1. Return 73, 218, 193 ranked ascending by Cβ neighbour count within 10 Å, so the fewest neighbours appear first.
2. Once you sort the root eigenvalues of the Cα gyration tensor of the chain as a ≥ b ≥ c, which label holds: rounded (a/c under 1.5), prolate (a/b larger than b/c) or oblate (the other case)?
3. With all pairs of different alpha carbon atoms counted, what Kirkwood hydrodynamic radius in Å does the stretch 22-100 show?
4. Any idea what the relative contact order of the chain is, in percent, if you count C-alpha pairs under 8 Å spaced at least 6 apart?
5. Can you compute the modelled spin-label distance between residue 100 and residue 135, with each label point 7 Å from Cα toward Cβ, in nm?
6. For the pair residue 238/residue 207, report the inter-label distance in nm, with labels modelled 7 Å from Cα in the Cβ direction.
7. Looking only at the chain, where both bridge partners belong to it, what percent of the DSSP beta bridges are antiparallel (to the nearest 5)?
8. If each residue's Cβ is checked for other Cβ atoms within 10 Å, how do 186, 241 rank with the fewest at the top?
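Just so it is clear, none of the values below were taken in a lab; they were calculated from the coordinates. Remember, predicted model here, so these are calculated numbers, not experimental data. Here Cβ is always computed from backbone atoms with ideal geometry, including for glycine, and neighbour counts include all displayed protein chains.
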């Protein structure tokens, strides 16, 4: 499914790759709302990917902009952190309030293993870029969490950061990949995209002609035919074979 010899550049998503909802903040919020939730941080890591798997089960007639679309993510996430089925409706309302709170930045849970694997790929000399469905702050997020920057500096270097809000195009529209491919100086079939979702990342990258890898740390997408790795470290091991 992947041709290592045909990869001249790697493009990364942000959400679900480097950042996920911040588990301790979610736990504190739900404790305050009167819900019984998991105490183990690992449950909050898995919960994101359970939510992603729930989205993959949809028939994709729903757009990301449809609130019904994200209800499937929310219910799977909340069940994974231990909220009983009979309280899921109330819990989803509380989840919405959490994400809407302007003082709380929820996508701040850094997946350190993926950041470390990414740094290995960048250090190898492989050209890299970022393409993210984001809110206009993608580059600031990457700097804040010490993941990478555009151009030289103390962090891992990427050639560009493409933010869907600033560009006006979002995955799975293949046009979102064009600025990154142009900046990297490669054709789509010579680039690899790394994301966590089927509906946006796999579908969008394939439509743009890129090779694609889904990060699937809990092996939740074994029924799909695309390439999957548990984390960016495993991808680096495969990609950087001498």
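1. Numbers: 73 20, 218 13, 193 26.
The fewest-first ordering by Cβ neighbours comes to 218, 73, 193.
2. Details: a/c = 1.74, a/b = 1.60, b/c = 1.09.
In terms of gyration-tensor shape, prolate.
3. 12.7 Å
4. Numbers: 420 pairs, mean separation 62.0, N = 242.
Averaging sequence separation for qualifying contacts and normalising by length gives 26 percent for the chain.
5. Modelled inter-label distance: 1.3 nm.
6. 2.4 nm
7. On the way: 2 of 23 bridges.
Beta bridges within the chain, antiparallel portion: roughly 10 percent.
8. Numbers: 186 18, 241 7.
Result, fewest neighbours first: 241, 186.
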